[in-house]
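S.K.: Okay, handing you the structure first.
What follows draws every value from the coordinates through simple rules; no lab data is involved. Please read all numbers here as calculations on a predicted model, not as lab measurements. As a convention, Cβ positions derive from the backbone with ideal geometry for all residues, glycine included, and neighbour counts pool all protein chains shown.
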Amino acid sequence: MPVPGSITCPPPRPTLPRTRECHSDRFPAIGTVAPDVRGAVRGGENGRVPYPAPYPPEPVRAEPPAAPGRPLLTQSWLDLAFLHWAADPAEVAPLLPAGTVPDTFEGVTYVGLIAFRTDRVGWLGLPGVPYFGSFPETNVRLYSVDALGRRGVVFRSLDASRLVSVVVARAGFRLPYQWARMSVTRTGDVLAYTGTRRWPGPRGARSHIALRVGAPIAEPTGLEHFLTARWALHNDFHTGPLYLPNAHPRWPLRRAELLACTEDLICAAGLSAPSGPPVSVLYSPGVRVRFGRPRRLRSG
């Protein structure tokens, strides 16, 4: 029986070919999935939609949608490291909010580990706060689509170093923020992101990522657009599952060389831990973001 607050992982699945070590040193591997994997998971009842979704997903759009009216929230995301591994939609589906299913690219869904700096969070169009609104953050996210075909992300965890921000996000929006000891440092073209979770837990879950920033990407691949051009999040809020849109300039993306990666966050988020290298490693200097008002999810 696991000790309360400890990290446990699902059983291992078939692993990706290993060409570079990037893994949790305590847990088994995240799995890959063949392009023909399908199934009836989270199907049909209580607002949950069958998988695949009953409507085709909206096109992946690299350009932002129209900006929301008066924004609910503004902030900047800076110095982002995007790491992604392939995942089995059948493993991901039970972790998503009711009314959504895994979004897939050529039959495969993905789990992302995204490390960055949040800067100057502001509410209702007010100027951003320089101290309490600025902090390192690392999130574990999945990719979702709802019954109306709207693509989004689902956060399994969001580690941040400002306790006040963590408490407000957990209480006000039911987002799975975690208070952590964190840092982002830069030496020339090398960035290092570190974090160790404090509360609520599992305590001690950690991450260390180091990468070297490379050349700008003139035209991202279809997969790179799929993983980064996401214009909403799906989440179980207090009133039920909601869709929260956002808008920002098109991502300025750069190639990146992964120098180090040790992490427990993916496993702590309820997924099998990666044992092979990420299938995608990207960097972005960042964008300014506007979040619109949440909208209730509909099942069809």
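S.K.: I need 236, 103, 189 ordered by Cβ neighbour count within 10 Å, fewest first.
M.R.: The order, fewest Cβ neighbours first, is 189, 236, 103.
S.K.: For region 73-294, just say rounded, prolate or oblate: build the C-alpha gyration tensor, square-root its eigenvalues into a ≥ b ≥ c, call rounded for a/c under 1.5, and beyond that prolate if a/b exceeds b/c, oblate if not.
M.R.: Rounded shape, in that the Cα axes give a/c under 1.5.
S.K.: Could you list 258, 211 in order of exposure, starting from the residue whose Cβ has the fewest other Cβ atoms within 10 Å?
M.R.: Working: 258 17, 211 24.
Lowest count first: 258, 211.
S.K.: Computed FRET efficiency, Cβ-Cβ of residue 293 and residue 255, R0 30 Å: what is it to the nearest 0.05?
M.R.: Step by step, r from the Cβ atoms, then E = 0.25.
S.K.: Figure the gain on full extension for residue 183 and residue 95 (residue separation times 0.36 nm, minus the Cα-Cα span) and round it to one decimal in nm. Don't skip to the answer; put the middle values down first.
M.R.: Numbers: separation 88, 0.36 × 88 = 31.68 nm, distance 2.85 nm.
This chain segment gains 28.8 nm when fully extended.
S.K.: Cβ under 14 Å from residue 283's Cβ, residue 283 left aside: what net charge do those residues give with Lys, Arg +1 and Asp, Glu -1?
M.R.: Result for the local shell: +1.
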